[in-house]
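Single-structure report; data block below.
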Amino acid sequence: MKRDVIIACDFAGKEAAMDFLRKFPAGEKPFVKIGMELFYAAGPDIVRELKAAGHRIFLDLKLHDIPNTVKKAMAVLSGLDIDMVNVHAGGGVAMMRAAIEGLTRPDGSRPLCIAVTQLTSTSSQMLEEELLIKAGMEETIVSYAKNAKAAGLDGVVCSPREAGLVKGACGGDFITVTPGIRFADAAKDDQVRITTPAQARVLGSDFIVVGRPITAATDPVDSYHRCIKDFVI
Ligand code: C5P
């Protein structure tokens with residue numbers, strides 16, 4: 001898997017997202033992440049438009065429902081020609097298998113499908129006392145990652161600090177997509193456990209997801225190039 005930088009386009013609407021992407025030189029089409037906020041505001045048209053412009057797209061909608069519903073929803077998303085999509089591993093192996101079935105196009109191709117194991121907003125205390133999962137955070141993440149692999153998924157979203165753990169349990173080819181990235185000299189915002197692009201590379205991330213360090217930068221194109229230089233090249 002070739003390492004790459006994915007820009008989290010966390011904008012409230014289409015115009016803001018387009019204004020941001022217009023800052024890039026005409027020939028440069030970064031891999032972008034469209035999350036719930038932008039997708040619910042702008043609808044599938046923004047996906048079609050960005051695809052037509054040459055961007056690769058990670059549609060971060062984190063599906064979690066009964067297998068039949070997920071299968072049918074994934075078939076619709078796969079028709080948008082996206083490159084990566086995700087589900088909550090908490091939906092179980094049957095749901096994740098159904099996601100892959102729905103995503104697989106008639107010609108056998110499909111977008112990459114990755115799983116969220118536990119949200120980074122879930123603390124160890126919440127896992128045990130609220131969700132009643134007694135196994136502990138690391139064991140739960142590894143177990144959910146193994147379930148994702150057993151269901152035929154391509155990888156997981158995790159912290160760069162968990163990338164080695166996941167690869168050790170699921171193999172080097174199992175993709176790790178890692179948010180929580182900050183430059184060493186920058187603000188942490190609301191991220192708690194942060195990693196620089198260079199550290200993420202050393203820790204074995206395949207894709208870093210970078211939002212505000214690029215979208216809120218004075219020179220977003222320069223910040224993107226800095227990520228590429230530190231993580232990819
Ligand atoms: O702006 P920032 O770089 O913090 O953006 C990170 C992106 O990755 C956001 O879209 C956020 O929702 C997403 N994300 C995350 N942590 C996770 C999963 C997704 O920060 N565990």
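Some notes on this structure:
- You will find that of Gly35, Gly54, the residue that is surrounded by fewer than 21 Cβ atoms within 10 Å (Cβ to Cβ), of a type in the set (Gly, Ala, Ser) and more than 15 Å from the chain's Cα centre (by Cα) is Gly54 and no other.
- When residues of segment 180-191 are limited to those that are among the hydrophobic types (A, V, I, L, M, F, W, C) and within 15 Å of Cys227 (Cα to Cα), the one nearest to the ligand (Cβ to nearest atom): Ile181
- Residue in segment 6-13 that is closer than 24 Å to Ile214 by Cβ, away from the ligand (no atom under 16 Å from the Cβ) and open to solvent by 70 Å² or more (accessible area, probe 1.4 Å) present: no
- Segment 201-220, residues that are aliphatic (A, V, I, L, M) and either within 11 Å of Ile6 (Cα to Cα) or in contact with a Phe, Trp or Tyr (Cβ under 6 Å, 6 or more places away or on another chain) (or both): Ile208, Val209, Val210, Ile214
Conditions tested, residue by residue: (1) open to solvent by 40 Å² or more (accessible area, probe 1.4 Å); (2) of a type outside the set (Asp, Glu).
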| residue | (1), (2) |
| --- | --- |
| Gly136 | no, yes |
| Gly155 | no, yes |
| Asp173 | yes, no |
| Thr176 | no, yes |
| Phe183 | no, yes |
| Thr196 | no, yes |
| Val202 | yes, yes |
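- Segment 143-152, subset hydrophobic (A, V, I, L, M, F, W, C) and away from the ligand (no atom under 16 Å from the Cβ), residue surrounded by the most Cβ atoms within 10 Å (Cβ to Cβ): Ala151
- If you go through segment 192-211 and keep only what is within 11 Å of the ligand (Cβ to nearest atom) and free of Cβ contacts under 8 Å to residues at least 24 places away in the same chain, you end up with just Ile194.
- The residues in segment 112-134 that are within 17 Å of Ile100 (Cβ to Cβ), away from the ligand (no atom under 14 Å from the Cβ) and surrounded by fewer than 23 Cβ atoms within 10 Å (Cβ to Cβ) can be counted, and the count is 1.
- Of the residues making up segment 58-98, those that are open to solvent by 50 Å² or more (accessible area, probe 1.4 Å) and within 16 Å of the ligand (Cβ to nearest atom) are Lys62, His64.
- Cβ pairs under 7 Å, 6+ apart, first in segment 1-18 and within 17 Å of Leu59 (Cβ to Cβ), second among the charged types (D, E, K, R) and open to solvent by less than 40 Å² (accessible area, probe 1.4 Å): Ile6/Lys33; Ile7/Lys33; Ala8/Lys33; Cys9/Lys33
The values are calculated or read from the model by the stated rules, or taken from the named source; none is laboratory data. Quick caveat: nothing in here was measured; it's all calculated off a predicted structure. Reconstructed Cβ throughout: ideal geometry from the backbone, glycine too, with neighbour counts over all protein chains shown. Note: accessible area is taken over every heavy atom of the protein model, side chains too, but ligands, DNA and RNA are not part of it. Shrake-Rupley method; radii C 1.70, N 1.55, O 1.52, S 1.80 Å.
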